[in-house]
Each structure stands twice: as structure tokens, then as C-alpha cells.
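Engineer: What follows is a structure written as C-alpha cells; I'll ask about it next.
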Amino acid sequence: MKRRIALAPNALVGMTLIGVIVLAGLVGFFWTPFDPGRINILARLQAPGTQYLLGTDEYGRDVLSRLLAGASASMTISLVTVCFALLAGIVLGLISGYLRGVVDRVIMMITDTLLAFPGILLALGLLSILGNNRYGIILALGLAYTPSVVRIVRGTVMGLREADFVAAARIMGHNELTILRKHVLPNCLAPLTVLATSMLGWVLISESALSFLGLGVPPPEPTWGNMLAASRNYLAQAPWLALLPGICISLALLGVNMLGDALRDYLDPRMQ
């Protein structure tokens with residue numbers, strides 16, 4: 001029992017990194033040292049110092065304030081996107097794996113079609129229709145990553161559909177919705193927990209890539225991706241403009257991946 005309760009080093013490091021980033025996002029949502037959008041041409045491209053702890057960008061905006069606000073925007077988009085993909089994927093996966101037949105074939109045909117495209121490429125196509133705004137990014141990335149959830153839930157449900165405890169629930173008179181909610185869905189939570197942590201990293205890097213390509217949240221609202229994109233022309237003159245958001249993205253991905261590895265080791269029976 002003690003071995004199961006003790007936190008593994010990768011879990012501890014992952015939770016610490018994610019906690020720091022979530023805290024930064026919460027702080028950036030309510031307070032920043034300066035207005036992230038305030039332009040001050042007289043202070044443009046100032047190196048980190050006492051007034052501006054992390055320097056300023058090409059418009060004289062405080063980089064620390066923009067990093068905090070960017071953490072709030074990037075993490076909000078990532079979390080809402082993952083929740084959207086999980087909710088849609090769980091519903092479709094449960095229906096497909098439990099009902100089978102024509103419904104299963106139709107859902108899996110659509111899922112396989114979406115899976116034929118890389119997630120970032122599918123998101124690019126959807127954003128060309130939806131427009132590059134926060135809600136368009138959430139919907140595009142959510143639709144791009146929903147098929148992965150559908151396949152995992154469907155595979156788990158198909159393995160449980162004829163299990164003895166499900167048959168016993170039918171004999172006891174439980175309706176199909178109750179069986180799905182009380183007996184089938186809880187058995188899907190372990191693989192979905194691992195997938196959700198991995199998906200959080202995928203969405204974060206995809207959102208940053210879309211912003212880097214100019215299809216993310218439009219300026220002047222800061223995200224780590226569009227801050228990284230804006231720094232391309234100033235790499236030699238102001239390297240901190242690229243270095244700081246790059247470090248933030250890297251630490252967020254490292255934390256998510258380490259926590260995902262720890263959850264996989266904890267929830268996988270083969271690792272016990």
C-alpha cells in the first residue's frame with residue numbers, strides 16, 4: 001500500500017511544473033505588473049532589468065505581463081479543448097462500442113476519415129472556415145483530437161459489452177443507459193485519464209504552432225505561440241523575446257508528459 005501512495009519522482013516533478021504554470025495563468029488572469037497591451041515606444045526592446053524584469057518587446061510592452069497573460073490564454077484554450085474532445089469522444093465512443101451495427105459503422109467511418117489527416121493539418125483546414133479566434137481554435141482542435149478519444153472508448157466498451165458484470169446488470173433489470181453510466185463508463189476512466197494528460201500537451205503545442213503560423217489567437221491578445229512568432233525578426237537584437245515563451249512552452253510540455261507517464265505507470269495493472 002505504501003508503494004502505491006508514494007509519489008514517483010516524475011509525478012512530483014510533473015505536478016510541480018503544471019502547478020506553477022496553472023498558478024501563473026491564474027495570476028495573469030487577475031493581475032499583471034503592467035497592462036499586457038500597453039504600447040510604449042520609448043521603452044521598446046529593453047533588456048531585462050529592474051523596471052521590466054524580463055524586458056520589453058518591439059512595441060515596448062512588458063514581456064513578464066504578456067507571459068502571465070499568455071499562460072492564462074494558452075492554458076484556458078488547452079483545457080477547454082481537451083474537455084470538449086473528451087466529452088464528444090466519450091459520448092460517441094460509448095454509443096459506437098455498445099450499440100454496434102449501423103451506428104458503429106457510421107461513427108467509425110467518420111472517425112477514420114478524420115484520423116486520416118494529421119491533427120494540426122485538420123485544424124488548419126477547419127480554421128480557414130471558422131476563422132482564427134479563440135472559439136474557432138477550441139472547436140477546430142477539439143474536432144481534430146476527438147477521434148482519438150472515440151477509438152479508445154469504443155475499444156474499451158467492446159471489451160466490456162459482454163462481460164459478466166454487465167450481463168448481471170441486465171438480469172437485475174437495469175436499463176442500457178444505467179449500465180453505460182454505472183458499469184461501463186467507470187472502466188474507461190483509467191485509459192482516458194492517461195490520454196487526457198497527453199492530449200493536453202498535444203493541444204498546447206498545436207495551439208502554439210497555429211499561433212506561430214498566424215492562425216491562432218490574433219494579436220494584440222498574447223499567447224505563448226504568437227509571442228514566439230513575433231520574436232522571429234528580433235532574434236539577434238532581443239533573444240529573450242524568443243527564449244522566454246519557448247522555455248514556458250517546453251516546461252509545460254515537460255510537466256504534462258512526466259505526469260502522463262506517472263499516471264500510466266500507476267493505472268496500468270501490468271506495472272503493479
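Engineer: Under a Cβ-only charge scheme (Lys and Arg +1, Asp and Glu -1), can you give me the dipole magnitude of the range 28-168 about the Cα centre, in debye to the nearest 20?
Structural biologist: 120
Engineer: Something else now. Report the residue, chosen from 114, 86, 99, that carries the largest GNM mean-square fluctuation when the chain is represented by alpha-carbon nodes joined by springs under 10 Å.
Structural biologist: Greatest mean-square fluctuation among the candidates belongs to 99.
Engineer: Next question. What distance in nm separates the two pseudo spin-label positions at residue 50 and residue 91, each 7 Å out from Cα along the beta-carbon direction?
Structural biologist: Reported label-point gap for residue 50 and residue 91 is 5.8 nm.
Engineer: Follow-up question, since we're still on this one. Ordering 162, 58, 207, 221 from largest to smallest accessible area (1.4 angstrom probe), what's the sequence?
Structural biologist: 162, 221, 58, 207
Engineer: Let me ask you something else. Check residue 40: other-chain or 5+ apart residues with amide H under 5 Å from its amide H, H built from backbone geometry?
Structural biologist: Under 5 Å from the amide H of residue 40: 60, 61.
Engineer: Still on this structure: How large is the accessible surface of residue 31 in square angstrom, using a 1.4 angstrom probe and rounding to the nearest 10?
Structural biologist: 150
Engineer: Of all the accessible heavy-atom surface of the range 34-109, with the other protein chains kept in place and a 1.4 Å probe, what percent is carbon and sulfur?
Structural biologist: 71
Engineer: Lys and Arg at +1, Asp and Glu at -1: add these up for the other residues within a Cβ distance under 13 Å of residue 228 and post the number.
Structural biologist: Net charge in that neighbourhood comes out at 0.
Engineer: Hey, what number do you get for the chain at 222 nm if only DSSP H runs of n ≥ 4 count, each worth -39500 (n - 2.57), divided across all residues, to the nearest 500?
Structural biologist: -23000 deg cm²/dmol
Engineer: To test your reading of the geometry: what angle, between 0 and 90 degrees and rounded to tens, separates the Cα axis of helix 119-130 from the longest principal axis of the chain?
Structural biologist: Taking Cα atoms only, the helix is inclined about 70 degrees.
Engineer: If you don't mind, there's one more thing I want to ask. How large is ³J(HN,Hα) for each residue in the range 183-193, as worked out from phi by the Karplus curve 6.51 cos²θ - 1.76 cosθ + 1.60 (θ = phi - 60°), to whole Hz, x for Gly and Pro?
Structural biologist: 10, 8, 4, x, 6, 8, 5, 4, x, 6, 5
Engineer: Turning to a different aspect of this structure: Most mobile of 206, 148, 250 per a Gaussian network model of the chain (Cα springs, under 10 Å)?
Structural biologist: 250
Engineer: Now, a different point. Provide the FRET efficiency to the nearest 0.05 for the residue 31-residue 115 pair, computing r from the beta carbons and using R0 = 41 Å.
Structural biologist: The calculated FRET efficiency here is 0.45.
Engineer: Residue-wise, which Karplus ³J(HN,Hα) couplings in Hz belong to the range 136-148, taking 6.51 cos²θ - 1.76 cosθ + 1.60, θ = phi - 60°, and x for glycine or proline?
Structural biologist: Working through the residues one at a time gives x, 5, 4, 5, 5, 5, x, 5, 5, 9, 4, x, 5 Hz.
Engineer: Once phi is turned into θ = phi - 60°, what whole-Hz ³J(HN,Hα) does the Karplus curve with 6.51, -1.76 and 1.60 give for every residue of the range 105-113, x standing for Gly and Pro?
Structural biologist: Going residue by residue, I get 5, 5, 4, 6, 5, 5, 4, 5, 5 Hz, with x marking Gly and Pro.
Engineer: Counting only heavy atoms of protein chains, what accessible area per residue, in Å², does the range 182-272 have with a probe of 1.4 Å?
Structural biologist: Accessible area per residue: 47 Å².
The values are calculated or read from the model by the stated rules, or taken from the named source; none is laboratory data. Quick caveat, the model's predicted, so the values are computed rather than measured. We place every Cβ from the backbone using ideal geometry, glycine too, and count neighbours over all the protein chains shown. The accessibility values were calculated without ligands, DNA or RNA, using every heavy atom of the protein model including side chains. Shrake-Rupley method; radii C 1.70, N 1.55, O 1.52, S 1.80 Å.
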